1. Report the local net charge at Trp45: Lys and Arg +1, Asp and Glu -1, summed over other residues whose C-beta lies under 13 Å from its C-beta.
2. For a quick check: sort Arg234, Arg52 by the number of other beta carbons within 10 angstrom, fewest at the front.
3. For the stretch 286-370, compute the number of Lys pairs whose alpha carbons are separated by less than 24 Å, excluding pairs fewer than 8 positions apart on the same chain.
4. For Leu187, Leu353, which order do you get if you count the other beta carbons within 10 Å of each Cβ and list the fewest first?
5. With N denoting the number of residues in the stretch 87-207, provide Rg(C-alpha) divided by 2.2 N^0.38 Å, to two decimal places.
6. So for the stretch 67-223, averaging the separation of alpha carbon pairs under 8 Å that are six or more residues apart and normalising by length, what relative contact order in percent results?
7. At q = 0.12, 0.22 Å⁻¹, what base-10 log of I(q)/I(0) does the Debye formula yield for the stretch 304-431 when every alpha carbon is treated as an equal point scatterer in vacuo?
8. Taking the Cβ of Asp117 as the center, what net charge do the other residues with Cβ under 12 Å away carry, scoring Lys and Arg +1 and Asp and Glu -1?
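Just so you know, all these numbers are worked out from the coordinates, no wet-lab data involved. Quantities reported herein were computed from a predicted structural model and do not represent experimental measurements. In this analysis, Cβ positions are derived from the backbone assuming ideal geometry, glycine residues included, and neighbour counts consider all displayed protein chains.
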Amino acid sequence: MNIFDDMRVMDRREFLWKMGTVAVSTFLFKGTSRAAAPTVSMLEWQHFVPTRDPELKRQVAAWAKSRGVNAKVDFIDLRRMPAVLAAEVEARKGHDIANFFNFSAALHKQNLVDMDDVAEELGGKYGPWLQGAVDCVKLDGRWKAIPMNYQSLLANINVDNWKKIGMSTEDVMKLNWDGLLEKAKELHKIGHPIGLVIAEDFDSYSSIYPLLLSFGGKPIDENNKIVIDSPQTRQALEYARELFPYMPREMLGWDGGGNNRFILSGVGSWTPNPPSIWAVAKLKKLHIAEKIDHVPMPAGPAGRFRGADFNNLGIWKFSPNIELAKDLIKFLMSKGQLDKHLEAAMGYNQPTLAAYDKLTIWKDQKALRYYHPPVETTIHQLWPAKPSPALQISYNLLVLPIMFIKAVTNRLSINDSVKWAEKQFKRIYTI
């Protein structure tokens, strides 16, 4: 169960219990010569491509040794990050640097150090910055975090399953949503369904939001006006309801790895995801790695969209090591470090600084040729709404995925599902 289930507020005992279950792996540098030196700590999410975390540890170790200090990196499940950040704010202590996923810097902006100097220095050396990344962290004119990288979700396909219905990769690329529906019926019939993620999980956004946008719907506009109640939203829900019978029922209970297992099993034929499914298969030398390819998301009446998630590094105001923390972030974003970081993630992480677009990671691997740079309009989740505490709360509470679940399972009518979501957004935006 997700900690945000049922839109309820956890009591203190339950919150502390959930916090106690956070699995943390720590990398700590100690040495007799640095025993009295400060320790700079960093909180990061446990990466889906297993070669990335060791590289980050190596880089932090190199920085710590060069500066004569100690350092540690703690890795936790991404879904637990909101609760951990909230606990650190409440305690006014914790890590010096933390990962602020998507818009969470907006939620904690009062407690974050201004990073204008770091952003300007890095932008001057390696920029310009990707605008979508800037939008997530530059708040009220001040940089509250540094966008380290992002990942986006395109369609992962099993080429062998598509061949069984006479479709090549190039044919799949050309499908719009209506075409995907017709092919989904054929794939379901032969036991190899597609899997649009409609579940109470953050991964749902990158399935349902490109769908919603491509029909012309959106929950919140660029002026932070709630506009979820529209004919376009209803059309997207009607489409999802029609597609639902041709997808696996267990999809409703998928966690962040559900659709990964779906493709790796050989059963699944199509699902939105970054290329971590392919990367894991390749690293483990699984035969299915040769069958996995990636294509752009389908187009709809309003265009073709791809959702992106941004990984941002911020520093708490209550950190005792602010200047050292800034120095570590600059080191991690520098040439010889960030490029190796991107390579270690096997192309999963995409750059937010233009200089790193010149890397050949995505050209060197045929399966990544449509991943970076994206051909779809690539947007942050819940675009075009402006990042704000309310937007991050809406995101954390999974309002949009739950609306889709209610509609496709007939728990509510399409009209009532939309009205339910509108009520939730309005409640959050008036807190």
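1. -2
2. Numbers: Arg234 17, Arg52 23.
The fewest-first ordering by Cβ neighbours comes to Arg234, Arg52.
3. So the count works out to 14.
4. Details: Leu187 23, Leu353 20.
Fewest to most other Cβ atoms nearby, the residues stand as Leu353, Leu187.
5. Numbers: Rg = 21.2 Å, N = 121, 2.2 N^0.38 = 13.6 Å.
After normalising by residue count via 2.2 N^0.38 Å, the value is 1.56.
6. Numbers: 75 pairs, mean separation 21.5, N = 157.
It rounds to 14 percent for the stretch 67-223.
7. These q points yield log10 I(q)/I(0) values of -0.72, -1.23.
8. Working: positive: Arg142, Lys326, Lys330; negative: Asp114, Asp116, Glu120, Glu121, Glu323, Asp327.
Around Asp117, the surrounding residues sum to -3.
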